[in-house]
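Following: one structure in structure tokens, then a few remarks.
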Amino acid sequence: MKPDYAITFACYNSVHYTKACIDSLIRVGTPLERVVVVDNGSTDETRDYLLDLPLGGRIYNKGNQGCGVAWNQGALHLQAEWTVVMNNDLIVSPEWIERLIQTAIDNNLKIISPARVDGDLDYDFESFAPNSALKMHGVLRKQTYHAICMCIHRSVFQDIGYFRPTPKLLGFEDFLFYHEAQKAHIASAITGNVWLHHFGSVTQKEMKKKLGKSEKDDLTSVNHNHLLQQSWLDRKINKYKMSRQSEQWRESELKQFGMTLQGERLNQEFRWH
């Protein structure tokens, strides 16, 4: 039986990245009727481009409502057992969603993210992705995620709700969502069984440009401790623990495989995190 899934992403200008993402979905056979695209007020050719696609849904917001609102709109427009919430600036690999869902089922996970390489697409991703998946198919970084691509079981939305629909958060919504998932002891992981290429936070860069910010600036200023209902000390301790865990994953994966589940392409070389 084929899995029941839907895919949604938000976009804001940068139509060439959206085209590259859609082209990769078509190339690997992902049906576009399962894809809902939410446009957050693009002023380039994005909306004209979306009109010609046989999508499962297209939603045009009058202004930039932020990721949380857009993801909720997409997830609710086409409801399924599994919902993939992802960026528009990425390239997928063959059988990516089927393998994500099967890996989640096999390991009793309710949120699962693929391994990824960030940066320039100056390497042969079409051969890299299956070879890397074969090498690292059994590797899981448990109780973590990344918001570039999250495959979420519908029970998660029932247990903790959807994303915080507050436009001014401008990208912090995924962290709040996962924080609630952690508190509810919802099993999650990043898997080496599926790989994608991520060009690198294109939508956030567009939003910073619109707001007159540099790429190094924070997109928005929020009180993380207040939103997470944590003390300053608790947040510092949790960040330290996560940093230590990430370094342990990195060392273990490099020792065994010579690579890790999170790479960066820089100066035509891979750097592993």
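Observations on the model:
- Simple label model, 7 Å out from Cα along Cβ direction - residue 155 to residue 52, nm: 4.4 nm
- Peptides 22-29, 48-55, 171-178 ranked from most to least packed by the mean count of surrounding Cβ atoms within 10 Å: 171-178, 22-29, 48-55.
- Computed lengthening from residue 185 to residue 246, 0.36 nm per intervening residue step minus Cα-Cα distance: 20.0 nm
- The stretch 1-150, relative contact order in percent, only Cα pairs under 8 angstrom and at least six apart counted: 28 percent
- Once the Cβ-Cβ distance of residue 16 and residue 233 is raised to the sixth power relative to R0 = 45 Å, the FRET efficiency obtained is 0.50.
- From helices alone, the chain scores -12500 deg cm²/dmol at 222 nm; the rule is -39500 (n - 2.57) for each run of n ≥ 4 DSSP H residues, then divide by the residue total.
- Bridges between two residues of the chain, per DSSP, are antiparallel at a rate of about 40%.
- When each of 19/236; 2/135; 168/236; 183/255 is checked by Cα-Cα distance, pairs over 29 Å: 19/236; 183/255
- C-alpha center-to-center spacing [the stretch 108-159, the stretch 15-79] in angstrom: 21 Å
- Sorted peptide list for 36-45, 250-259, 180-189, criterion being average Cβ within 10 angstrom, highest first: 36-45, 180-189, 250-259
Readers should treat all values here as calculations from the given coordinates under stated rules, not as data from a laboratory. Just so we're clear, the structure is a prediction, and the values are computed from it rather than from any experiment. Because the Cβ atoms are built from the backbone with ideal geometry, glycine has one as well, and the counts that use them run over all protein chains shown.
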